[in-house]
Amino acid sequence: MKFNTQTIDNYFFVGIAGTGMSAIAQYLRGVGKKVAGSDRLFSKDKKMLIQEQFESMGIECFYQDGSGINETTQAVIVSTAIEETNVEYQKAKEAGIPIIKRSELLAAISSEKKTIAIGGTSGKSTTTAMIFHILQENGKSPSLITGAGLTVLQKKNLPGNAWVGDSEWLVIESDESDGSIVNYIPEIGIVLNIDRDHKEFEELIELFKTFKGNTKGKFIVNSDHELTRNLSQDTKNDFSTHPGAGFVAENFKQTGFEIQFTLNGIPFKIPVIGKHNMENAAAAVAASYVAGVSIEQAAKALESYVGIFRRTQLVGEKKGVFLIDDFAHNPAEVQAAIRSCQQIGKRVFAWFQPHGYGPLRFMHKELAERVIETLRPEDYYLMSDVYYAGGTVTKDISSDVVINEVVKAGKNALLFEDRNKMSDYFSKETRQGDVILMMGARDPSLAEFAESTFNQL
C-alpha cells in the first residue's frame, strides 16, 4: 500500500514496544501526529520503562486487547510478527480501518525526506548510529529511525532509536530480513555485507540489486566482500580495508575498549571495540562525506561516539572480569563479537541464545563452523535453549546441535538448557582477566539478564 503520511493524523501501533515499531511511533509523535499503541508486555500495574517513556511523550499505551482502537483511529500499523488472528488486527479489519505494514510506513516516511538507508546483514544499527552522530556533530540536524537505542539519546531518558531533527536528512536502518529493503528510494544507499542470516545468498543479492536500482543518488558498498563489491556503482564511493576503494581504512589497533586506525591517511580514535567497527566507521564516513562532511570532521565527531544499546556494550567489570552484552544473532556477528573480546580477555566465555527455531535451523551448520574457527584453546562457548517469541512455529531443533559439533571439533563448549544456572558457573570458573560475552536477539529480557548475571559474579 502506497500512501502519504501527511493524509493520516491518528496512528495505532500493534506491538509498539518492538524496536522497529517503537522507532517509527516516536518519529511520528515527534512530527506532531497522534500516536497510540499496544503491546502484550504492557501492564497498568507494573509499567515497563518504554511504556513510561512513551506516555511522557504523549503516546497512549494499551494492553493488546483491542481497547485502544476506536472511531478516531485512521491507520493501524502492524509488523510481520503480528498474525491475522491477532484481536486488534481483526478489530481493524472489521471496522474498515486501513492496516499498514511497518515497512510500508517507513518507506512512506523515507520518501518524504533526503534519506540515507543502511543495508546489509550485519552492522546496520552501528553504522546508522555513527552516521547520525557524525551529521549531528557537524550541524546537519538529521532525523533518525533505527533498530537499536543510541546511548547518547538514552541518556535523555528516551528509548534512543528515533529522533526528529530540523533538516531534510533522515538516517534509517533498512531491513533485508523481511524483504522490505526494496521499498526504499534513498538519496544515499549503503550495503555493508552479505552474510548468511535470514535468507539464501541468491535471494539477498536480488534484494540488494533492487535496493541499488532504487537509490536516487550515491550507492556505497564494502569492496572487501565479493558479493557486495559486485554491486558497486562507483569505486570512489566505496569503502574497504585494502587499496582500490575511495575510502580505505588501515592500521587497525585495539587497546582496551578503544580502536585506532587511519582512513585515507587520517587518524581515527573511537571508544568501541572490534575490527568490524572500523569497517562500520568507514561506511559511516563514506556516507557522511557524500552528505557534505569531510573525513577530518567525521574523525573528530567519532571521538565522542558512545555506542548503542547491546552492541558490544560493557555491562561492567568486577574482580577483574568484564561482562559484555551484544545483539549478535547470526554466524558472522557471533564470530566478530568473540574476536573483539579476545583482544581484551585472556579467556572468553561466549554465551549465545538463538533467537528462534527457524533461524537456528537455517544457520546452525555455519554457526558451528564459525565458532570452531574462532575459539582459542582457552575459550569457552555456551548456549541455552532457543528463545520462543510465540506464534506458530515448529520446534524441531535445539541448541545441542551446535554444541555437539563444537565439542566434536575439540573445543570447549557447554549447554545450559536453563540459562539461570550459568551465574553459579561464571562465579566459580572465571578469574581476573576473563571476559564474559552474552549474545542474543529478540528476547526483551536479555539486557536485564546480562545485568543480573553481572551482579551475581
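A straight line joining the Cα centroids of the range 110-168 and the range 216-291 runs 18 Å. Modelled this way, with points 7 Å down the Cα-to-C-beta line, the labels at residue 456 and residue 168 are 5.5 nm from one another. Other residues with beta-carbon under 10 Å from the beta-carbon of residue 383 carry, at +1 per Lys or Arg and -1 per Asp or Glu, a net charge of -2.
Other residues within the sphere of radius under 12 Å centred on the Cβ of residue 427, judged by their own Cβ, net out at +2 (K and R +1, D and E -1). Projecting label points 7 angstrom from Cα along Cα→Cβ for residue 421 and residue 40 puts them 2.7 nm apart.
Accessible surface calculations at 1.4 Å, restricted to protein heavy atoms, place the chain at 42 Å² per residue. Estimated from the Cβ-Cβ distance and a Förster radius of 35 angstrom, the FRET efficiency linking residue 448 and residue 201 is about 0.50. Helices assigned as whole DSSP H runs in the chain whose Cα atoms extend at least 27 Å along their own long axis and whose mean Kyte-Doolittle hydropathy is 1.0 or higher are not found.
For the chain, the relative contact order comes to 11 percent (Cα pairs under 8 Å, sequence separation of at least 6).
For the range 35-182, relative contact order (Cα pairs under 8 Å, six or more residues apart, normalised by length) works out to 19 percent.
State which entries of 124/395; 113/140; 218/300; 114/216; 275/365; 408/428 exceed 18 angstrom in Cα-Cα distance in the structure shown. From the list (124/395; 113/140; 218/300; 114/216; 275/365; 408/428), the Cα-Cα distance tops 18 Å for 124/395; 218/300; 275/365; 408/428.
If Lys and Arg each add +1 and Asp and Glu each add -1, what is the summed charge of the other residues whose beta carbon sits under 15 Å from the beta carbon of residue 395? Once positives and negatives cancel, what remains is -3.
Subtracting the Cα-Cα distance of residue 47 and residue 407 from their residue separation scaled by 0.36 nm leaves 125.3 nm. In this structure, residue 393 and residue 296 have a Cβ-Cβ separation that, at R0 = 45 Å, corresponds to a calculated FRET efficiency of about 0.35.
Amide H contacts for residue 399 (H built 1.01 Å from N in the peptide plane; partners 5 or more residues away or on another chain; cut-off under 5 Å): 386. A DSSP coil position with no more than 16 other Cβ atoms inside 10 Å describes the following trypsin sites (Lys or Arg not before Pro) in the range 287-324: 319. How many angstrom separate the Cα center of the range 320-342 from the Cα center of the range 365-427? Computed from Cα coordinates, the inter-centre distance equals 14 Å.
Measuring nothing but protein heavy atoms, the accessible surface of the chain at 1.4 Å probe radius is 47 percent carbon and sulfur. Computed from the C-beta positions of residue 260 and residue 373 and an R0 of 30 Å, the FRET efficiency is 0.70 to the nearest 0.05.
Can you work out the PRE-style zone for residue 432? Point 7 Å along Cα to Cβ, and I want the residues of the range 325-364 with backbone N under 18 Å. The answer is 344-348.
The values are calculated or read from the model by the stated rules, or taken from the named source; none is laboratory data. Computed from a prediction, not measured in an experiment: that's the story for all the values here. Positions of Cβ are generated from backbone atoms using ideal geometry, with glycine treated the same way; all protein chains shown enter the neighbour counts. Heavy atoms of the whole protein, side chains included, go into the accessibility calculation; ligands, DNA and RNA do not. Shrake-Rupley method; radii C 1.70, N 1.55, O 1.52, S 1.80 Å.
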